[in-house]
Amino acid sequence: MRFPFLFISRRWNVKAVHRPQQSPCISSILALTRDQRFFVLRYTSTSLFKNDRNHYITTPIFYVNASPHLGHLYSAVIADCLHRYKLLQGFDSKFATGTDEHGLKIQQAAEAAGKDPLTFCTDVSERFKHLFSSCNIAYTDYIRTTEQRHHRAVEHFWSVLWNKGLIYKGSYEGWYSTQDESFLMPSQVDNAVDSSGKDIKVSLESGHKVEWMKEENYMFRLCAFRSQLLDWLRGNPRAVQPERFYQTVLQWLQEDLPDLSVSRQRSRLHWGIPVPGDSEQTIYVWLDALVNYLTVAGYPNKYDQWWSRAHHIVGKDILKFHAIYWPAFLLGAGLPLPQTIYVHSHWTVGGKKMSKSLGNVVDPLECSQIFTTDGMRYFLLRQGVPDSDCDYTDEKVIKLLNAELADSLGGLLNRCTAPALNPAQVYPSFCPQSFPSKQGGRTVVEDYHMLDAVKNLPATVEQHYERMHVYKALEAITACVRQTNKFVQRHTPWKLDRRDSKDQRWLDTIIHVSFECLRIYGTLLQPVVPEISNKLLSRLGVQPGERNWAALKFLLRYQGMDCPFEGRALGSDSGVLFSRVERQNVDKERKKTTKKVAKLK
Ligand code: MSP
């Protein structure tokens, strides 16, 4: 018989859920029963006392075996966008990124480069840092797993699991992929032939080569957590997003969930954190890496304030580590689980996975030099769909940026601020008689549709940002920009006669309404294109303190209230908002870098 008991979910509603089913792994029942109780109490207390204005977002920490590529920037840009969005909403937001520096893969890469591992890691880690600062990734903490604070956190975390009896000494025999740093079951492995014609085994999921290994190591009682993981997911249907990936995790939990090897023999893997109390073993790199999220939160000291508000951004290839292993480790350690795991799909090139061997890796730094930082951020977030893979081509970037940033948004700002239409260079007055609340005078029904759409836009965008559907938020903004362009086009303000006071008032009203639309677009776009938004808002004379979510009140004059911008001088003209990208220039730049790379070889 199963007994329902009270459980307070992160959404504050108290509901009855079924007590997690007892695990078939009898050996850890005692520890688990205590844990379950502890978990519920812990979870409940953090929900009740959580600091609601704190937000903590993370990217995966990046492997330093090779230079950053477009996919890495994508993970970072999504997290940066959500961080900036939370700041606009008045949250205290912590945003962590960094590098994953231990493990066999890094050890081998350092050996191949003929460098000592730490020097090797520092070099590549600096390249990630450089990319992020070039692309305005406004992280608040950059963690490297080789740091002392992280060692301390991992050792502590390990000891907690050990003391609870959740880690035992055993032996592992099975497949291992160094490229994925992952243990695989026979059903996850396939036959393949390598480039030299040799028969090999590969991971079905990643296609990376696997090797048979047999080692004494420490095992984590993963299988004992299956029912708790299922309860967590069923009780929190938004814990893994989008829905497609949530279903994938549920599916995995229906399959076999064997205990997990969490260490490697030090003779094979010396580049990592030794198991506390056993210098012959090194902690498994994924256990080490996942704890980075806690390290940044302050663990093992005071960490609750941030940890109870954690959201992870991860690519689909590392879902299992984040949605099964990580929550199981946390449950074992009696810690709250992350609030959300946002999953994104991958960027491909010519329909193929990016890889060094195929020579199709897209360099994000080069792209951001050619298309500008904001251009690249806009492209990735507008075109990237979390549910499915996207293919990268320069052609797509050029088309999108020219249409939406240069022509549509830039064109609108340019038109409405042009001295010919706005000789006084001010935020002009709104005349309620020219734009009455019910259709009349010179207004037409489409004008009211536009007002409605822009008025509702912040709520629409908020909903999409909250669910990591940034592309949908951008789609909604773009549709409104198009409507405002049509509004201006429809009323041809350049044909009005300034000497006629009625015409002058109507002209001012058209520009006032257009500026109000632009102000809303500029404010909402800040998380995606911070530089362009800053340029746009500065040109409109909107001060830094007037750019947050609370300032998104649209067209106050139409609602009979005062507008703080009316009559204010515009900011100076610092040139076009976004210059059109020309195909020939892109080709020229690409050729230059190809030559540079060839010379280096
Ligand atoms: N080090 C691990 C993560 C540990 S987190 C505790 C790792 N590193 S990674 O460098 O291989 O990948 C980091 C992120 O980049 C992952 O989210 C991954 O999905 C993402 N991408 C790698 N290639 C990608 C594409 N081609 N496209 C989009 N993102 C992809 O995994």
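Computed quantities for the displayed model
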item	result
R0 of 60 Å, Cβ-Cβ distance K214-K399: FRET efficiency to nearest 0.05	0.65
Counting all C-alpha pairs of the stretch 135-199, share separated by more than 20 Å (%)	63
Residue (of L229, Q383, F183) at the positive-pole extreme of the chain, dipole from beta-carbon charges	Q383
Relative contact order of the stretch 70-190, defined on C-alpha pairs under 8 angstrom at six or more residues apart (%)	26
Spatially proximal aspartates and glutamates relative to K201 (Cα-Cα < 12 Å; intrachain offsets below 8 disregarded)	D190, E211
Linear extension gain, V385 paired with S133, 0.36 nm per residue minus alpha-carbon span	88.3 nm
Stokes-Einstein D (µm²/s) once Rh is taken as the Kirkwood radius of the stretch 407-569 over alpha-carbon pairs, at 4 °C in 1.567 mPa s	81
Estimated distance in nm for a label pair at L556 and R580, the labels positioned 7 Å out from Cα along Cα-to-Cβ	3.9
Distance histogram for the stretch 335-428 (every C-alpha pair counted, 5 angstrom bins, percent rounded to whole numbers)	2, 11, 16, 16, 14, 10, 10, 8, 5, 5, 2, 1, 0
Helix-only mean residue ellipticity at 222 nm for the chain, each DSSP H run of n ≥ 4 adding -39500 (n - 2.57), per residue, nearest 500	-13500 deg cm²/dmol
For peptides 493-503, 515-525, sequence by mean Cβ density within 10 Å, most packed first	515-525, 493-503
Rg/Rh (Cα only; Kirkwood hydrodynamic radius) as it applies to the stretch 279-382	1.07
Separation of the D190 and D573 label points, Cα + 7 Å toward Cβ, nm	5.9
Gyration tensor (Cα) of the stretch 461-516, equivalent ellipsoid semi-axes in angstrom	34, 10, 5
Which of P530, L474, C517, positive extreme of dipole for the stretch 407-569 (C-beta unit charges)	C517
Extension gain (nm, one decimal) between D92 and A420, 0.36 nm per residue minus Cα-Cα	113.7 nm
Pairs from K316/K588; K209/K353; K214/K356; K105/K129; K94/K472; K209/K591 whose Cα-Cα separation, in the structure shown, is over 23 Å	K316/K588; K214/K356; K94/K472; K209/K591
Contact order relative to length of the chain, as percent, for alpha carbon pairs under 8 angstrom and 6 or more apart	15
Rh (Kirkwood; distinct C-alpha pairs) - the stretch 439-481, Å	11.2
Bins of 5 Å from zero: percent of alpha-carbon pairs in the stretch 54-107	5, 20, 24, 17, 15, 10, 6, 3, 1
Descending Cα extents along the principal axes, the stretch 176-302, whole Å	49, 39, 25
Gain in span if fully extended, D123 to S501, counting 0.36 nm per residue against the direct Cα distance	129.4 nm
Whole-number Å³ per residue for the convex hull built on Cα positions in the stretch 128-168	99
Translational D in µm²/s for the chain (Stokes-Einstein at 10 °C, 1.306 mPa s, Kirkwood Rh from C-alpha pairs)	60
Nearest-20 debye value, the chain charge dipole, Cβ charges on Lys, Arg, Asp, Glu	1100
Kirkwood Rh in Å, taken over all unlike Cα pairs in the stretch 81-213	18.5
Q254-S357 FRET efficiency (beta carbon distance; Förster radius 35 Å; 0.05 resolution)	0.50
The stretch 363-476: C-alpha gyration tensor shape, a/c 1.5 cut-off, then a/b vs b/c	oblate
Percentage relative contact order, the stretch 432-491, counting C-alpha pairs under 8 Å, at least six apart	27
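Just so you know, all these numbers are worked out from the coordinates, no wet-lab data involved. Here the structure is a predicted model, which means the values were calculated and not measured. As a convention, Cβ positions derive from the backbone with ideal geometry for all residues, glycine included, and neighbour counts pool all protein chains shown.
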